[in-house]
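Remarks on the structure that follows.
The values are calculated or read from the model by the stated rules, or taken from the named source; none is laboratory data. Keep in mind that this is a model prediction, so the values were computed, not measured. Every residue, glycine as well, gets a Cβ built from its backbone with ideal geometry; the counts of neighbours run over all protein chains shown. Just so you know, the surface numbers come from the protein's heavy atoms only, side chains and all, with ligands and any DNA or RNA stripped out. Shrake-Rupley method; radii C 1.70, N 1.55, O 1.52, S 1.80 Å.
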Amino acid sequence: MGRMTTLARSIALLGLGAVLGGCAAKQAPPVQHYALGMSRAEYRDYTGAKASPCDAEPRWFQDELTAVNGLLARFVKETEQALDPKGLEHAKHLELLEEGLRTLPPVLKVHEANLQALKTCDFRRAGAFPDLARRGGELLTETRERMELGPRIQAAAALREAQKQWREQGGEREAKARETWCPKPVKVGQPDVFFARLSPDGRTEWFFCDGHVVEKSAGGEPTLLSPEGLSKAERRRVQAKKYLDAAQTYPEEEMDREPTAPTLQKPAASAGGGAP
């Protein structure tokens, strides 16, 4: 009798172990926490844990899908002005887009897998699940479309910053070129070009070591501008044709110009040289 009792107890324990093992196999994966900007969401990676959301508590799964959908909806809304450099929230929206480009892809992959798995669940047509599935699919598409624009938006922002720096640092580049290329002492009447600039409006300027400037507007004829304070003797040494010829033969590729797309051209820091 004692041995029968022991055997029965062993069988019972084995059965309990099998039951507990089955429960453990269906245990939900751990909750993952994700933050994007001011948004927060909690979700579970069922596919990565080789589990099924169909075995999860439907209310929990619904909350997880709702949280990620809400986060994606806010991301799409709060990156709209990343496309508009003149938008009041442009910088903030661009920053959020850049953060999403770095951190969102794994979340999108899990969310898509969870929405796909939902299609096999018995409760897929219950409660809010149909709306969550539909809206989730839309948000996945909208989010990925926004992120596909990310590199182009970033490149445009980088270009604008490069153009701003080009404008702000123009005087510094001109001074450096003068220091590099102009002889000492400078002789008035000697047409040495040390710097040339092509402005976005089409105006071109050639700067000479003796203070003269040849200026040409878009579609116009070049004009020689003399510095103030020249003596009569200095004026007699100035031959306009030599300055105009020096400007005309200055290498176009050495001109300082605003960076343009698609490649960000580096402004010529010390473009210049003696006249040919």
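Taking the conditions exactly as written (acidic (D, E) and modelled with pLDDT of 95 or more), does E64 satisfy them or not? Yes; evaluated as a whole, the condition is true for this residue. Checking P200 against (1) more than 16 Å from D256 (Cβ to Cβ); (2) of a type outside the set (A, V, I, L, M, F, W, C); (3) touching an Asp or Glu at 6+ places or on another chain (Cβ under 6 Å): exactly one of these is not met. Which one? With respect to (1) more than 16 Å from D256 (Cβ to Cβ); (2) of a type outside the set (A, V, I, L, M, F, W, C); (3) touching an Asp or Glu at 6+ places or on another chain (Cβ under 6 Å), P200 is out only on (1).
Just so you know, in the stretch 33-55 the residues that are in a strand (DSSP E or B) and among the charged types (D, E, K, R) include one that is surrounded by the most Cβ atoms within 10 Å (Cβ to Cβ), and it is R44. Tell me, which residue of the stretch 178-197 that is part of a helix (DSSP H, G or I), touching a residue at least 12 places away in the same chain (Cβ under 8 Å) and out of contact with any Asp or Glu (no Cβ under 8 Å at 6 or more places or on another chain) is least open to solvent (accessible area, probe 1.4 Å)? Top of the filtered list is T180. Here E142 meets the list (1) open to solvent by 30 Å² or more (accessible area, probe 1.4 Å); (2) in the same structural domain as D55 (by the TED database); (3) more than 30 Å from E64 (Cα to Cα) almost entirely, failing just condition (3). Residues satisfying the criterion are absent from the stretch 92-108 (criterion: open to solvent by less than 70 Å² (accessible area, probe 1.4 Å), assigned to a helix (DSSP H, G or I), more than 28 Å from E161 (Cα to Cα) and among the charged types (D, E, K, R)).
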